[in-house]
Every structure is written in C-alpha cells, then in structure tokens.
1. Under 5 Å between amide hydrogens, which residues at least 5 positions from L105 or on another chain qualify, with H placed 1.01 Å from N in the peptide plane?
2. Amide H neighbours of N24 under 5 Å, at least 5 residues apart or on other chains, H built in the peptide plane: list them.
3. Under the Kirkwood approximation for Rh and a Cα-based Rg, what ratio Rg/Rh is obtained for region 3-227?
4. Can you work out ³J(HN,Hα) from phi for every residue in region 152-158, in order, using Karplus 6.51 cos²θ - 1.76 cosθ + 1.60 and θ = phi - 60°, giving whole Hz and x for Gly and Pro?
Amino acid sequence: MFLLGHSCLSYLFSKPTGRKVNVNLPAYLALLAGVLPDFDIYFKPLIQHHTYTHSLIILLPICAVLIIRFKGLGLAFSAGILSHLVADSIVGTIPPLYPLSDFQLGISLGLPSPADTALEVGALALVLVIAYLNGDYKLVAESHREGVYLAIPLVSIATLTLLFAGDNNVPLADFAFSRKALTLITLGHAVLAGILGLAVVQGVRAVMIDKWRPGQAPTGQSNEQQSHGSPLPSNTSP
C-alpha cells in the first residue's frame with residue numbers, strides 16, 4: 001500500500017483505540033504511526049525494504065514496550081503501527097516471521113489495483129469525516145501550536161516517496177499519472193499533503209502570535225490548559 005493509505009489507516013486504527021482507553025493520541029502521531037514500518041527505506045541498502053520492519057517478530061516486542069512505558073498512548077500508537085501490516089497483507093504480502101522465515105502472508109489484492117485505490121481514497125475520506133467529528137479539523141481551520149508537529153508526517157511521506165522512487169529508478173511524475181487508479185491515489189496524496197501543509201502554517205502562526213504576546217495563554221488554549229501542558233482541548237467523539 002502507498003503512504004497515503006498507511007497514514008490514513010493508521011489514523012483510523014489509532015484514534016478509536018485511544019478513545020477506547022480514554023486517551024487522545026495527537027493527530028500527528030496518529031498519522032505517523034502507520035508510516036514508521038516504511039522507515040526502512042531511509043536505511044537502504046543496510047536494511048532491505050519490507051523485511052525486518054514488516055515482521056511481527058520485530059514489531060510486537062516494540063509495541064509491547066510502548067504499551068508498558070506509555071500505557072494507553074502506547075496502545076493507540078501501536079495500533080497505528082500494526083495497521084501497516086494489515087494494509088500490506090491485504091494488497092500484497094508481509095513476512096510475519098522474518099528473519100526466522102521468509103514465509104509470506106497476505107491475500108494480494110494487487111498494488112496498484114482498484115481494491116487498493118478504493119482502500120486508500122476511502123480511508124482518506126473517512127479521516128476527513130472523523131477529524132471533523134473529533135475536532136482535529138481545528139488544526140487546519142484555527143491556529144494551534146500542535147499543527148507544527150504535523151510537519152513530521154508531512155516530511156516523512158514526501159521524503160519516503162522520493163527516496164523509494166529514486167532507489168527503484170521510477171520516474172515519479174510519469175508513474176503517478178500512468179493509470180487511473182494511480183491518478184486517484186496521487187490526487188489523494190496531494191490532498192493530504194495540502195491539508196497537513198495548511199495545519200503546519202497554522203501552527204507556525206500560533207507560535208508567532210504567542211511569541212509576540214508574552215504572558216498570555218498560547219493560541220487555542222485557555223490558561224488552565226496551558227498550566228497543564230495540554231496542546232489542545234480534549235477531543236470528544238460521538
């Protein structure tokens with residue numbers, strides 16, 4: 001699956017998980033978690049893509065440590081990480097026992113394929129709906145300092161895409177619009193990047209406003225929330 005789907009499905013997995021255990025995982029972490037297994041691209045050729053970081057033998061202990069250390073936040077974040085394996089096993093396969101075995105698990109609906117396109121574009125649409133319901137849309141519509149952190153998933157998605165294309169000698173512009181399915185996914189990436197970019201601008205704006213207004217609560221926060229170090233009001237979802 002492409003990074004659009006991984007990021008959006010991560011949000012769809014981690015946010016409800018956090019809500020179940022009464023924690024509010026920040027939007028940037030919810031979007032970033034599902035992209036992390038593809039960070040092996042940064043370390044090529046030291047680590048072969050789609051091996052160690054796509055193995056349950058490696059990821060489950062990491063998730064266990066996160067849950068023990070960060071409790072509910074760790075659980076929600078881990079749900080986002082593991083969503084990556086679920087997504088890849090639907091459109092392709094994963095090596096769940098690597099490096100002990102090269103056994104591949106998955107139903108391989110295809111990549112790119114109509115099924116993959118429906119999953120990725122559909123996930124983006126659901127993220128927009130849920131973000132509106134839980135209040136995360138305010139990171140784009142209003143000035144909040146937390147918006148700055150959305151630069152992390154934004155830069156990750158952009159750099160991983162460019163590195164993957166370069167490592168595989170893929171002419172990215174030609175590939176992106178070579179098929180209707182890929183065109184939709186490309187447009188989805190553009191929409192997600194645009195939204196994240198606007199949120200980052202709002203975050204920078206909030207930081208600048210707070211800098212020039214010393215002694216006041218950060219933009220988008222009350223004095224009480226500032227004293228407790230909460231970047232945003234607690235989101236409540238229906």
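Each value in this text was obtained by applying a stated rule to the coordinates, not by laboratory testing. If you're wondering where the values come from, they're calculated on a predicted model, not measured in any experiment.
1. I94
2. Long-range HN contacts for N24: none found.
3. Across region 3-227, the Cα-based Rg/Rh ratio is 0.99.
4. Coupling constants for region 152-158: 5, x, 4, 5, 4, 4, 5 Hz.
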